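Any read-out appearing in this document is the output of simple, stated calculations on the displayed coordinates, not a laboratory observation. Computed from a prediction, not measured in an experiment: that's the story for all the values here. In this analysis, Cβ positions are derived from the backbone assuming ideal geometry, glycine residues included, and neighbour counts consider all displayed protein chains.
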2 protein chains.
Amino acid sequence: MTHPTAERLSALRSRMAATGADLVAIAPGSHMDWLLGFHPHPDERPCLLLASTEGEAFLMPVLNAEGTRADTDIAFHTWSDAEGPEAALKAALKAIGAQGARRVALDETMRADFALLVLGALPGAAHEFTAPTVGALRMVKDTREVAGLKASAALADAAMQAVFAAARPGITEIELAEIAKGHFGANGAKPLFWIVGSGGNGAFPHHQTGARKLQEGDAVVVDIGAVSNGWPSDITRMLAVGHPPEGYEEVHAIVERALRAAMEAARPGAKAHEVDDAARGVITDAGYGEYFVHRTGHGIGIDVHEPPWMTSTSQTVLEEGMSFSIEPGIYLPGRFGIRLEEIVVLRSDGPEILSSLPRDLHVVNG
Amino acid sequence: MTHPTAERLSALRSRMAATGADLVAIAPGSHMDWLLGFHPHPDERPCLLLASTEGEAFLMPVLNAEGTRADTDIAFHTWSDAEGPEAALKAALKAIGAQGARRVALDETMRADFALLVLGALPGAAHEFTAPTVGALRMVKDTREVAGLKASAALADAAMQAVFAAARPGITEIELAEIAKGHFGANGAKPLFWIVGSGGNGAFPHHQTGARKLQEGDAVVVDIGAVSNGWPSDITRMLAVGHPPEGYEEVHAIVERALRAAMEAARPGAKAHEVDDAARGVITDAGYGEYFVHRTGHGIGIDVHEPPWMTSTSQTVLEEGMSFSIEPGIYLPGRFGIRLEEIVVLRSDGPEILSSLPRDLHVVNG
C-alpha cells in the first residue's frame, strides 16, 4: 500500500496553521516514518525534514542523498563533511520561506546538536515540541494502523502463553524472557522488552530481568513486547508458582478494579488525566496510593511509547481512534508487584481491548 | 574488572576546570557508559548525569531509581510522572553548586527535549557540546579499550573472509550480508551494519544492501561491523566476480595510495585534517577529487562513530592511543565504487592497523 505522504503533509500544514508554528523540524525517526513512510539512516550528521506552511525541504548529508533520492520528491539541500551543514540549512529554510520563522516545532527526539543547529539558524525564535502538530496527528490511528497494532497484539498474546507454558519452579527470569523473545523471533518480530520480575523483583516496575530462579510462592510480573511488521505490542500479565504470596489476591483484585475504572473513564471527550485519576482513585482508596509509582498509560503506534500520556496532569482530550495502554500497578517492596496492562483503541462507545487473554492470575504448579 | 568510574569522573573535573565548562549534562548513552560503566534505560523520561567541578548528581525518573540504585553511589534527585522533572532538576543543580552555571556542556546525543529542559533551567547560560570535555577524554583509549577493539577487529576479519568464501555469481547482496551477520551472530556479536554494494550500487557510499545478484564483471564494496563484548568493528574490503570492470585496477591503486598517505600523515602531534588532506590530496591529484564525497575517517570506541573526525577542517591534535578509521573511497556513478578501510590505533611511531586482512582486491570465479 502506498504511504499517505501527501495527505499527512497536508494535515501537518493545517495543524501548523491552526497552532501558529511556522517551522517544523523532524529528524530521522518515527515522526518522519509517520509523515513520509521512511527515514534516512540516522547518525551524527544533521539530517532534517523541514516543513513550513509553504512546503518542505530536506537538509541532507551528501553521503545519504543518493541512497534516499528514490524515497521522496522533496528537495534536498545537501552538505558535505568538508562544508558542514550551516549553509545548506540556511538555503533549505529560505526555499520554504522559513528563514524568518518565529515559532519552531522541534522533533523532541532529535539529537541536541541538531536542535541547537536549527535554533542557532533562527536567532530569537521560540521553540516548542511536536505534541501540538505531528504528535496530535499521530495520536489518532487510521484503520491500517489499528490493523497493524491488532496483529502485533495477537502475537504478544501467543508469546505470553508460551511464557505461561514454560513457567515452573527453578526456571530463571532470563530463561522465561528467552521463551518470549524466541517466540517473537520465530514469528518474524523483533523483541523490544522482556521484563520478568519474580518474587520481590516484581516490586521494581522496570526490573532488569535476571538470574533469579522462580520458586514456590512467587508472584511474577511478565511485561513483554515486540515489533511485528512495524507495529509494537506491549502486554503485562501475572503468573504465580503454586500458591501466590500472602495478600496477593486482594491486591490483584484492586489492580483489576483500577484497570476497569480507567477503562470506564476512557471515552471520547474525556481528558487523559481522568483515565489516570480513575485508576489512581481506586488504588488510593484501597490504601495503596503510594505504591502506584507510575502513570496509568502511554500511547502506542509506530513507537511503543508515544502520546497520549495517561498522567495525572495531562489535559489531552481523548478522541476516537486513539490507541494507548492502561496499566495500573501496585509495587510492595520486599513482597511482590502486580501490574496488569491492556492496549486499547478508543471507539465511540469506549475502549476496545486488543488482547484476547484474560487478566486473571495464571497459576502454575509449584 | 571494576569500571574506573572515580578516575574518569576526576579526569572530567580536570577537563572542566581546564575548559571553563561549569556543568556537564550526560544522557543515558555511550558518554555515560564511558564515565560510569552503565546507563539507565533510555526513554522519553528525562534522566541525566549532572557534573560540576564540585561533584555529581543524577536527575532520575522514580521508575528507574530502584533498578539503577545498585549501579552507582551518585545521589539521585527523583521525579514522578505526576510531578514532572523541573523541581528535581533544580534540586540536583543546587546540590552540586551548578544552579548558576554559565557554561553548560550538553551531551550532543541527548534528546532535544532533555537539552532544552537543562537550558531552560539555566536562563542565559551558554551551551557547548562535550567534545572539549568527555569527548576529549574518550578519544584516547586505555589498554583495556584497545584490547576490546582488537578482538572485535579479529572477528570482523573472519566475517569478511566468510563473505569472500560465499561470494559467487547469482548470490544477492542481501544473502552476502546475511553471511556476515550470521558469522557475527554465531560468535556472540551484534551486527551493526552490512553494506554490500555490487556493480553500480557500489557508487553509493551508504548503499542499502538489496536484492541485486552478483554477476560476472562486478566490483563489490563490502563494509561490515558488529559489536562484540561491547566493542565495535568496522572494515571495508573489495571483491570482484571474475574480471573487474574496465579501469578498476587503476582506481583501486589510487585509493590504496590515498590510504597509505593518510597512514603516513597520522602521527602524534599532527592535526586530524592533515590525515584527510593526505588522502584527499592523492585522490585529487589523480583527478578523482569530486568522487571522494566523504571524510577520510572517524574515531571508534564505545561508539562505532565518535571523535576524532578525520575531516578537511578538523583541528583536533592527534595523540598516542587514539583509535580511528582511515577509509578513503572513489565512487564513480553508473560504474563502480571503491573504498578501503582500516581501523588503527595511533602509536608513538604511527598507526597500528588492527585488521590482519590484506587490502588487495579479492577475486572470485565468474
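Here the sum of -39500 (n - 2.57) over DSSP H runs of 4 or more residues, divided by the residues of chain A, equals -10500 deg cm²/dmol at 222 nm, to the nearest 500.
In the elastic network of chain B, a GNM with C-alpha springs shorter than 10 Å, the most mobile of B:Pro328, B:Pro28, B:Pro232 is B:Pro28.
Cβ-Cβ distance of B:Val140 and B:Glu249, R₀ of 56 Å, FRET efficiency by 1/(1 + (r/R0)^6): the value works out to about 0.90. Between B:Thr53 and B:His3, what FRET efficiency follows from the Cβ-Cβ distance if R0 is 22 Å, with the result rounded to 0.05? Step by step, r from the Cβ atoms, then E = 0.50. With label points set 7 Å from Cα along Cα→Cβ, the inter-copy distances at B:Pro42 are 0.9 nm, sorted shortest first.
GNM remark for chain A: springs join alpha carbons under 10 Å apart, and the peak mean-square fluctuation among A:Gly97, A:Gly301, A:Gly225 falls on A:Gly97. Near the amide H of A:Gly366, within less than 5 Å, lie the amide hydrogens of A:Gly242, all on another chain or at least 5 residues away, with H placed in the peptide plane.
Would you mind giving the mean number of other chain beta-carbons within 10 Å of the Cβ of each residue in B:292-300, as a whole number?
That works out to 3 on average.
Phi-derived couplings, Karplus 6.51 cos²θ - 1.76 cosθ + 1.60 at θ = phi - 60°, listed residue by residue for segment B:125-130: 5, 7, 10, 9, 10, 8 Hz, with x used for Gly and Pro. Applying 1/(1 + (r/R0)^6) with r as the Cβ-Cβ distance of A:His41 and B:Lys94 and R0 = 60 angstrom yields a FRET efficiency of 0.90. Here the spin labels are modelled as points 7 Å beyond Cα on the Cα-Cβ line, and at B:Ser356 and B:Ser10 they lie 3.8 nm apart. Do you know the relative contact order of chain A, to the nearest whole percent, from alpha carbon pairs under 8 angstrom that are 6+ apart? Reported as a whole number, the value is 14 percent. Springs between Cα atoms under 10 Å define the GNM used for chain A, and in it the highest mean-square fluctuation of A:Pro333, A:Pro351, A:Pro268 occurs at A:Pro333.
Taking a label point 7 Å from the Cα of B:Asn187 along the Cα→Cβ vector, which residues of segment B:148-162 have an amide N closer than 13 Å to it? Once the point is set 7 Å along Cα→Cβ of B:Asn187, B:149-162 turn out to lie under 13 Å by backbone N, inside segment B:148-162.
Helix A:143-166 axis versus longest C-alpha principal axis of chain A: approximately 30°, rounded to the nearest ten. Between identical copies, the spacing of A:Glu7 label points, each set 7 Å from Cα toward the C-beta atom, reads 5.9 nm from nearest to farthest. So how far apart, in nm, are the two label points at B:Ala158 and B:Asp349 if each is 7 Å from Cα heading toward Cβ? Rounded to a tenth, the inter-label distance reads 3.0 nm.
Copy-to-copy label distances for B:His243, where each label lies 7 Å from Cα along Cα-to-Cβ, are 8.5 nm in order of increasing length. Axis of helix A:5-19 versus longest Cα principal axis of chain A: the two differ by about 90°, to the nearest ten degrees.
For B:Lys150, a cut-off of 26 angstrom between C-alpha atoms picks up these lysines, skipping any fewer than 8 places away in its own chain: B:Lys141, B:Lys181, B:Lys190, B:Lys271.
Taking other Cβ within 10 Å of each residue's Cβ, how do A:Lys271, B:Lys141, B:Lys90 sort, fewest first? Walk me through the numbers before you get to the answer.
Working: A:Lys271 17, B:Lys141 20, B:Lys90 14.
Result, fewest neighbours first: B:Lys90, A:Lys271, B:Lys141.
Counting only other chains, what is the mean number of Cβ atoms within 10 angstrom of the Cβ of each residue in peptide B:108-120? Mind showing how you got there, number by number?
On the way: counts 7, 4, 4, 9, 18, 11, 4, 10, 9, 0, 1, 5, 1.
Per residue, the number of nearby Cβ atoms from other chains is 6 on average.
Sequence-ordered 3J(HN,Hα) estimates for segment B:193-199 from the Karplus curve with 6.51, -1.76 and 1.60 and θ = phi - 60° stand at 7, 7, 8, 10, x, 9, x Hz, glycine and proline given as x. Rounded to the nearest 10 degrees, the inclination of helix A:173-186 to the longest alpha-carbon principal axis of chain A is 50 degrees.
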